[in-house]
1. Mind grabbing the accessible area of K12 for me, 1.4 Å probe, Å², rounded to tens?
2. So what's the angle, to the nearest 10 degrees on a 0 to 90 scale, between helix 215-229 and the longest Cα principal axis of the chain?
3. Normalised by the number of residues in region 1-134, what is the relative contact order in percent for Cα pairs under 8 Å and 6+ residues apart?
4. In Å³ and rounded to a whole number, note down the convex hull volume per residue for the Cα atoms of the chain.
5. Would you mind checking the tilt of helix 192-209 against the longest principal axis of the Cα atoms of the chain, expressed as 0 to 90 degrees and rounded to 10?
6. Specify which residue in the list G84, F196, A234 is farthest towards the positive end of the charge dipole of the chain, using unit charges on the beta carbon of Lys, Arg (+1) and Asp, Glu (-1), about the Cα centre.
7. Under unit Cβ charges (Lys, Arg +1; Asp, Glu -1), what dipole magnitude, rounded to 20 debye, does region 1-134 have relative to its Cα centre?
8. Defining a contact as two alpha carbons under 8 Å apart and six or more residues distant in sequence, what relative contact order in percent does the chain show?
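The values are calculated or read from the model by the stated rules, or taken from the named source; none is laboratory data. Please read all numbers here as calculations on a predicted model, not as lab measurements. We place every Cβ from the backbone using ideal geometry, glycine too, and count neighbours over all the protein chains shown. For accessibility, only protein heavy atoms count, side chains too; no ligands or nucleic acids. Shrake-Rupley method; radii C 1.70, N 1.55, O 1.52, S 1.80 Å.
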Amino acid sequence: MAITLGPNQYGKAEVRLVTVDRSTPVHEIRDLTVSTSLRGDLAATHLHGDNAGVLATDTQKNTVYAFAKESPVGEIEDFALRLGRRFVRGNITGARILIDEHAWQRIPVDGKPHEHSFSRAGDEKRTTAVTVDGDRAWVVSGLRDLVVLKSTGSEFHGFPRDEYTTLPETDDRILATAVTARWRYQGSGIDWANSFGEIRRLMLETFATLHSYSLQQTLYAMGEAVLRERPEVAEIRLSLPNKHHFLVDLTPFGLTNDNEVFYAADRPYGLIEGTVIRDDAEDAGLAWHTLPAF
Ligand SMILES: O=c1[nH]c(=O)c2[nH]c(=O)[nH]c2[nH]1
C-alpha cells in the first residue's frame, strides 16, 4: 500500500487589518479581514518536518501589515494581487488571498459627517478572492450579507403537491434574502471600485423591480442583468437564503391577517444557489480553485 500527500495549502486566516489615513484632519479608515494561503512543493515539511521551504504563517501576517504601511491599501483587488505576487517565489508556486472589507460610515454631528468618528455600515462585506499561479492571476470579487426584502411583487405557486406538501400557494408574499455573490473578472484594466458599485446597483435594482415567481427566477435575473451590462464579468455565482416570512394566524384572536403581520423565521431556510455565465467567457483557470462557499 502506498500513501501519498494530496493537495495542500497553508496560510494565515483572518488577519484583521485596520488602517487610518491621517494625512488630513478628515481621517479615512479601512477595515479588512485578510486570509492568505500558499501552495507549492511542501512535501518536505509534511513528510519530514523540514521547514526550509515554509514561509511561516506569522511572516505572511506580518507582510500584510507591512504592505499596508508601505503604500496605501487601495482597492482590495490590487492589495490582494500585490500580496499574492509577493508570496509566489522559490518552492511557493501559488497563492490565494481572500479579503473581506467591512464598511464604516461617518457619524453625523450637527448634520455634518464627523472627521474621525464612524459607525459600522451594517453587516454587508465587499469581498475578493485572488488566485496567483506562477505569473498568472485570477480575480473573483463579490459581496456577502447584503440583506434585502420586498413586501410585495413576489408570488410562489404551481409547485407539485404530494402527501407531504403543506405550503399554501401565494400570489403575494414577502421576499427576503441575504445576497452572497461572487463574480469572476475577465480582461484587464478594470476599475475595481466602479465595477463593484455598478454590479451591486444592478443586482439591487433587479431584485426591486422584477415581479418574482420564485427566488430562483430572481437569482437568474440578477445574474443576467450583471452579465448584460458588465463585459468585464465572465460569470457570477449567487447564494440566496430564502428568509421566510410566515403569515401569523390571528384567527384565535378573532382577527384577520391581510398580509400585514408576519413571523420572520430564522431556520430552516431555503437555500437557492446558481451560476450565470456568458457562453464566450474566458476560461476560468484556477479562479475558483479551493474557493470556499461555492
Ligand atoms: O422562491 C421559492 N423557491 C422555492 O424553491 C421554494 N420552496 C419553498 O418552500 N418556498 C420557495 N420559494
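1. Surface open to solvent at K12 totals about 60 Å².
2. 50 degrees
3. Details: 235 pairs, mean separation 33.9, N = 134.
For region 1-134, the relative contact order is 25 percent.
4. Numbers: hull volume 65.9 nm³, N = 294.
Spelled out: Cα convex hull of the chain, divided by residues, is 224 Å³.
5. Once rounded, the angle reads 10 degrees.
6. G84
7. Working: 17 positive and 18 negative charges, 37 e Å.
Roughly 180 debye for region 1-134.
8. Working: 545 pairs, mean separation 37.5, N = 294.
For the chain, the relative contact order is 13 percent.
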